[in-house]
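Before I ask anything, let me first share the structure, which is written out below as structure tokens.
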């Protein structure tokens, strides 16, 4: 880096003089004595930066070791700690070139461990993981596409904060008159919390009325899905309801938003802060992506920050973005707890963040006044059903006449196409489908939730024709659907295939034998210590293909006797060899 820290401060001060006329901009520029002090502060911080990097690197290395030992959950925890050491260090990561460069490299390294390299980075450097899975099918899915399974099987979208960090307002957008500022004073009376007006707020209104218009329109429309519930939660937690519009700036109201800073969800929690507010992050769920739980956590975090800053919401919002430590340091430097006074001493992203939110709130409170006419989408409606441990989303989708993609969109916290093992789990399902799902799940044997199919009775069908169509027998249909009135539209539970049901006793008696499932797949049972990779090697199959067929990451340890589908056709698939001896 050729740009020194004091030079960056001078440059930032110079830029801020261009943001608004001196008679309008309330923020003050640092004095020369402050600049001289900044240099010595950086020099004193050198040793601290090395310490932070060393601690973070230790966690990253331990995560790699855990990953090599197939301890994927422990690896995830160590990678999160590596990030948290930097983000929670109390230093302004963005303003320290050495720490910033290390942090960006760290996130990139972790990203490449979490998501296979076949998945390209999106434009602009935003990091997101994408899933190649498609909509649900009632039959065993088969595809020639290679599997792309990493830690995550969620779908992610870039956070708008990444774009905000690079946003530079044009001279036209920066043009604000005294009359414009006077109008802001009137407009803010409609907002249910207090803040000081500043020309920067009007500059972001100008931005959204021009080149940022599409972003605002999209956000106002999409907000309809979530603001009713978010307002209720914020009200219950004692947070001004209008601050829910933070969700538009943080994520564009997308529960699957993921930023370059490893922040996730609609409210953009990093791992450490999410855990602090009770958001679970395991190999199966990441509650930072949950709409209900993350909204509650966000409201509580904002409430705590506002209490810390004695009800000053500008400072609370700034700290939500950059952390309390960075805001406190700027306050100590200036000597007053006033956001517009500390403005020059915080990172440009946070400078943009607060006036951006305030501008968004003013527009959202009176969109027509600012030239927007948008019909919000209706609020999300869904039922909540408690389902058994490790229930397949494909089964739930079939039972509720929807797709796995839609289930994932209303359950964005689920990392995989299955609910967490070892616990009952509350799943959101399409509105009006709860009773139907409960009725179906009661008929699905506990040990067949990954293989059972659902079929709807067609007009004119009886059990004989349904049995012929589904490749099973009338007796099996009767056994699995006892007491069900067979009429058009009713859902019946069907075994995965007739062959599987006929031979299930044989499979249980001889755990190391395989059982034919359909024409091109066989079902085998995992042995102690097995992973998808080991089973694929044993049966001369592609680990990627086997992982995709079973919805399980290739190196995740499998439960003893867990049933796994592998492609048929090779000699090994019909005569399994002895597993290789473990070291």
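Pop the C-beta distance of residue 375 and residue 104 into the FRET formula with R0 = 30 Å and round what comes out to the nearest 0.05. Present the calculation step by step, with values, prior to reporting the outcome.
Values: r = 40 Å, r/R0 = 1.34.
Result of the calculation: an efficiency of 0.15.
I would also like to ask the following. Can you tell me how much longer the chain between residue 490 and residue 333 gets when fully stretched, taken as 0.36 nm per residue apart minus their C-alpha distance, in nm with one decimal?
Numbers: separation 157, 0.36 × 157 = 56.52 nm, distance 6.99 nm.
Here the answer is 49.5 nm.
Quote the FRET efficiency, to the nearest 0.05, computed for residue 182 versus residue 405 with a Förster distance R0 of 51 Å and r equal to the Cβ-Cβ distance.
Numbers: r = 49 Å, r/R0 = 0.96.
Computed FRET efficiency for residue 182 and residue 405: 0.55.
Right, something else. When only alpha-carbon atoms count, how far does segment 152-377 stretch along each of its three principal axes, as whole angstroms with the largest first?
Result for segment 152-377: principal-axis Cα extents of 54, 44, 33 Å.
Order by neighbour count: 54, 218, fewest other Cβ atoms within 10 Å first, most last.
On the way: 54 10, 218 14.
Sorted ascending by nearby Cβ count, the order is 54, 218.
Suppose we look only past 14 Å in the calculated P(r) of segment 381-444. What percent of the Cα-Cα pairs does that tail hold?
Details: 976 of 2016 pairs.
Of all Cα-Cα pairs in segment 381-444, 48 percent lie more than 14 Å apart.
For the residue pair residue 232 and residue 458, what label-to-label distance in nm results when each label sits 7 Å from Cα along the Cα-to-beta-carbon direction?
4.2 nm
Sort 216, 91 so the one with the fewest other Cβ atoms within 10 Å of its own Cβ comes first. Intermediate results must be reported in sequence, preceding the final value.
Numbers: 216 23, 91 20.
Ascending Cβ contact count within 10 Å gives the list 91, 216.
I would also like to ask the following. Using 0.36 nm per residue of separation minus the Cα-Cα distance, give me the extension gain between residue 537 and residue 54 in nm, one decimal. Provide the component values of the computation, followed by the final result.
On the way: separation 483, 0.36 × 483 = 173.88 nm, distance 3.83 nm.
In short, 170.0 nm is gained.
Once both labels are modelled 7 Å past Cα along the beta-carbon direction, what's the residue 276-residue 384 spacing in nm?
With each label placed 7 Å out from Cα toward Cβ, I get 2.6 nm.
If each of residue 46 and residue 447 carries a label point 7 Å out from its Cα toward its Cβ, how far apart are those two points in nm?
Using points 7 Å along Cα→Cβ, the separation is 6.7 nm.
By how many nm would the segment from residue 170 to residue 193 grow when fully extended, if each residue of separation counts as 0.36 nm and the alpha-carbon distance is taken off? Intermediate values should be presented prior to the final figure.
Details: separation 23, 0.36 × 23 = 8.28 nm, distance 2.94 nm.
Result for the pair: 5.3 nm of gain on full extension.
Every number in this text was worked out from the coordinates using simple rules, so none of it is lab data. Predicted, not measured: the structure shown is a model, and the values here were computed from it. Cβ atoms come from the backbone with ideal geometry, glycine included; neighbour counts cover every protein chain shown.
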